[in-house]
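The values are calculated or read from the model by the stated rules, or taken from the named source; none is laboratory data. None of the values given here were measured: they were computed from a predicted structure. Cβ placement follows ideal geometry from the backbone for every residue including glycine, while neighbour counts extend to all protein chains displayed.
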Ligand code: BDR
Ligand code: CA
């Protein structure tokens, strides 16, 4: 299986992604690095520990950056993920998993140095941990096997502003640093995640079958998340579900043939009306300006086989 560090801000779709990764035989989650985003970094770390503990796993969990690199932090979106990030769980069972004392960035650097060329980093929150890890170890792009991000959007409208996706919006400077660092990089953004509507009924079916606390927690969390999305998007309300977002980064890892890719440099606007926009230098267009011509290409997911993603998600979680 592929060794993966999962960088995350759990978060309901983060939890869905984590459980997909833990259940998939081709994925070996060797560490979970947390960041602020959907919740504070303290809550994100607490949730990562809780989700792994109730799934019966002991995987190193670290706490990472608590704020954006440059812009001021914002209150977490409790109306989307719940105040606790997991749809406001009524209670939690006692668990005993403990945090790894290292920072998320240090953990990423340590693991990359210990296993050069072997680790895939899947990041589905704001990108401060990766940016900080790059500052600690400039050779990181050579030490990691590849990086897959749930972040950004090219053609699809943003979900925080008309042009900005939330993970990029939450730390645009870190995102621009990560997009221009020169690793083997794939962006799984709203262009594809907004195509995959996951029905809440799938999680009820899984919970009913498994009768396990982990799938009960996931079902509860997704029902809160699905109410939010169904309240905003009529086509999502018809299915009563939510967008797949973070889990799509893992689906790309295991089944890249389900996606149509375009390749080109991505830059991030870091101020003004377009703050947080991911702009792509699309192929066949001559743009010699500095800031573009010399930047590495990102593989950008532009289309996805949505039904196949839902089938795979259900098979793996079931
Ligand atoms: C992204 O933002 C967060 O709310 C989700 O967890 C996902 O990572 C979608 O824009
Ligand atoms: Ca996330």
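Taking each residue of region 10-30 that is over 15 Å from residue 309 (Cβ atoms) and looking for partners that are within 13 Å of ligand 2 (Cβ to nearest atom) and assigned to a loop (DSSP other than H, G, I, E, B) with beta-carbon atoms closer than 6 Å, six or more apart or interchain, yields 10/85; 11/38; 11/85; 14/124; 14/246. If you filter region 115-138 down to residues that are within 14 Å of ligand 2 (Cβ to nearest atom) and over 12 Å from the mean Cα position of the chain (by Cα), you find that the one that is surrounded by the fewest Cβ atoms within 10 Å (Cβ to Cβ) is 128. For residue 212, the conditions (1) under 26 Å from residue 261 (Cβ atoms); (2) more than 14 Å from ligand 1 (Cβ to nearest atom) all hold with the exception of (1).
Restrict the check to region 88-101 and report whether at least one residue is at positive phi and either free of Cβ contacts under 8 Å to residues at least 24 places away in the same chain or not in a helix (DSSP H, G or I) (or both).
First, the residues of region 88-101 that are at positive phi: 88.
Now restrict to residues that are either free of Cβ contacts under 8 Å to residues at least 24 places away in the same chain or not in a helix (DSSP H, G or I) (or both): 88.
Among the residues of region 88-101, at least one is at positive phi and either free of Cβ contacts under 8 Å to residues at least 24 places away in the same chain or not in a helix (DSSP H, G or I) (or both), which makes the answer yes.
Could you grab me the full set of residues in region 1-18 that are more than 14 Å from ligand 1 (Cβ to nearest atom) and within 15 Å of the chain's Cα centre (by Cα)?
Hits for region 1-18 are 4, 5.
Residue 237 meets all of the listed conditions (1) under 23 Å from residue 9 (Cα atoms); (2) in contact with a helix residue (DSSP H, G or I) (Cβ under 8 Å, 6 or more places away or on another chain); (3) more than 15 Å from ligand 2 (Cβ to nearest atom) but one, namely (1).
For region 184-233, a residue qualifies if it is assigned to a loop (DSSP other than H, G, I, E, B) and surrounded by fewer than 20 Cβ atoms within 10 Å (Cβ to Cβ), and the qualifying residues are 184, 195, 211, 212, 233. Is there any pair linking a residue in region 187-202 that is under 22 Å from residue 262 (Cα atoms) and touching a residue at least 40 places away in the same chain (Cβ under 8 Å) to one that is in a strand (DSSP E or B) and within 15 Å of ligand 2 (Cβ to nearest atom), with Cβ under 7 Å and at least six apart or on different chains, and which? Short answer, once both residue conditions are applied: 187/149; 188/148; 188/149; 188/150; 193/150; 193/243; 194/243; 196/243. Would you mind stating whether residue 125 is at pLDDT 95 or above, in contact with a strand residue (DSSP E or B) (Cβ under 9 Å, 6 or more places away or on another chain) and in a loop (DSSP other than H, G, I, E, B)? It is true that residue 125 is at pLDDT 95 or above, in contact with a strand residue (DSSP E or B) (Cβ under 9 Å, 6 or more places away or on another chain) and in a loop (DSSP other than H, G, I, E, B).
Which count do you get for residues in region 242-253 that are surrounded by fewer than 24 Cβ atoms within 10 Å (Cβ to Cβ) and not in a helix (DSSP H, G or I)? Residues that pass the stated criteria total 1. Summed over region 139-163, the residues that are more than 15 Å from the chain's Cα centre (by Cα) and either modelled with pLDDT under 95 or not in a loop (DSSP other than H, G, I, E, B) (or both) give a count of 6.
Does residue 151 satisfy the condition of being touching a strand residue (DSSP E or B) at 6+ places or on another chain (Cβ under 8 Å) and within 11 Å of ligand 1 (Cβ to nearest atom)?
Numbers: touching a strand residue (DSSP E or B) at 6+ places or on another chain (Cβ under 8 Å): yes; within 11 Å of ligand 1 (Cβ to nearest atom): yes.
Spelling it out, residue 151 is indeed touching a strand residue (DSSP E or B) at 6+ places or on another chain (Cβ under 8 Å) and within 11 Å of ligand 1 (Cβ to nearest atom).
Do we find a residue being over 23 Å from residue 254 (Cβ atoms) and within 16 Å of ligand 2 (Cβ to nearest atom) anywhere in region 105-113? The answer is no; no qualifying residue exists. What tally of residues in region 154-168 results from selecting those that are crowded, with 17+ Cβ neighbours inside 10 Å and touching a strand residue (DSSP E or B) at 6+ places or on another chain (Cβ under 9 Å)? Adding up the residues that qualify gives 8.
Screening residue 296 on (1) closer than 26 Å to residue 18 by Cα; (2) surrounded by 14 or more Cβ atoms within 10 Å (Cβ to Cβ); (3) away from ligand 1 (no atom under 16 Å from the Cβ) shows it passes everything except condition (1).
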